[in-house]
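Enquirer: Below is one structure. I have some questions about it.
We did not get these values from a lab; they are worked out from the coordinates using the rules stated. Small disclaimer: the values here were computed from a predicted structure and weren't measured. Neighbour counts run over all protein chains shown; Cβ positions are idealised from the backbone, glycine included.
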């Protein structure tokens, strides 16, 4: 079987395990031109995108906007050292190292957030303290370098009342670009009714909400020698997406602009099964009157940790290129690795421009340059 034939077969689904009767007619490719000619068309991809070597040299004008970039606030780090899920790279973070990686990868701006192990360890006061300290540190970083950094404010969930207060402080006082949440808090996932007051407030504000995965307490270290991040981050992202969908939160709170990490975890791959299961959801006509896929297509997804043809094939069958954002997962990932990975995915030059920058500017317009504004005026 040729590479071209193999690629077409892969994108249409494995005939031995793909049940077309379970896939609704509405589930059609979100971007029909994606990877036309096959996933193996590396030569075409290289023509459509600058080479990795060219993009990692010193930039003449910075381009990418990174929506998935982590920091390690000192007060937060002091209390999480030794806990599960803290990565060595996070312990070594500094603002100078962030800037260095951004410059090497032609990244104009990065929106920073707190990563695993998160802020919730069973102590409400600790969670509130860590959220406030982290947010004030990130706000200072943005204040010092407003053209290079934005922030998704950390929240003290699962305490809803404390989170409402922190949302107000973060958005109104610190002028945060958005709110950062985790997929789950111990064994409670987004979509749980206990979080409804928070969702109502985020919806009222039309907030941009970045959701980062974690490994739930139920599912740590299930496979010997396999770090939870290998599988559980993607799986927990899917659990959270299902929680938002099947609880009806996606429909009740339509003004929340969700960004899901790592190309949505396993949710795009499972989209057909998810859609087929909607009819079994209690009160589904109210919770998901137009089905699950219609709501999933409204979400945004970053490519951090997923800049490879296998991961993006499912995502690009689900959504339009307008919903996909550049992300690096720095310091665990690098701008160089993401750019090099995207070069192998067969995106057109126009699609790369949208993914790398333009889509983020619609969500984060303060990062627009004069060149962006001139381009917008020309297209009006």
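Enquirer: Between the stretch 285-313 and the stretch 180-225, how many Å separate their Cα centres?
Expert: Between the Cα centres of the stretch 285-313 and the stretch 180-225 lies a distance of 17 Å.
Enquirer: Rounded to whole Å and sorted largest first, list the principal axis extents of the Cα atoms in the stretch 215-326.
Expert: 43, 32, 24 Å, listed from the longest principal axis down.
Enquirer: Run the quick spin-label model on residue 81 and residue 353: label points 7 Å from Cα toward the beta carbon, then report their separation in nm to one decimal.
Expert: 4.8 nm
Enquirer: Here's something else I'd like to know. Using a basic spin-label model with each label point 7 Å from the Cα along Cα→Cβ, how many nm lie between residue 99 and residue 280?
Expert: 5.4 nm
Enquirer: What order do you get for 192-205, 237-250 when each peptide is scored by the mean count of other beta carbon atoms within 10 Å, highest first? Before the final figure, lay out the partial values.
Expert: Details: 192-205: 17.2, 237-250: 23.2.
Result, highest mean first: 237-250, 192-205.
Enquirer: What is the packing order of peptides 67-73, 293-299, taking the mean over residues of other C-beta atoms within 10 Å and listing the highest first?
Expert: Ranked by mean Cβ neighbours within 10 Å, highest first: 67-73, 293-299.
Enquirer: Please express the Cα-Cα pair-distance distribution P(r) of the stretch 62-364 as a list of whole percents, one per 20 Å bin, running from 0 to the bin with the greatest distance.
Expert: Percent of pairs per bin, in order: 36, 60, 4.
Enquirer: Moving to a separate point now. In nm, give the distance between the simple-model label positions of residue 255 and residue 144, each being 7 Å from the Cα along the Cα-to-Cβ direction.
Expert: Spacing of the two 7 Å Cα→Cβ label points: 3.5 nm.
Enquirer: While we're on this one: Highest mean first, what order results for 110-117, 338-345 on Cβ atoms within 10 Å? Let's see the in-between values first.
Expert: On the way: 110-117: 26.5, 338-345: 22.9.
So the order, starting with the most tightly packed, is 110-117, 338-345.
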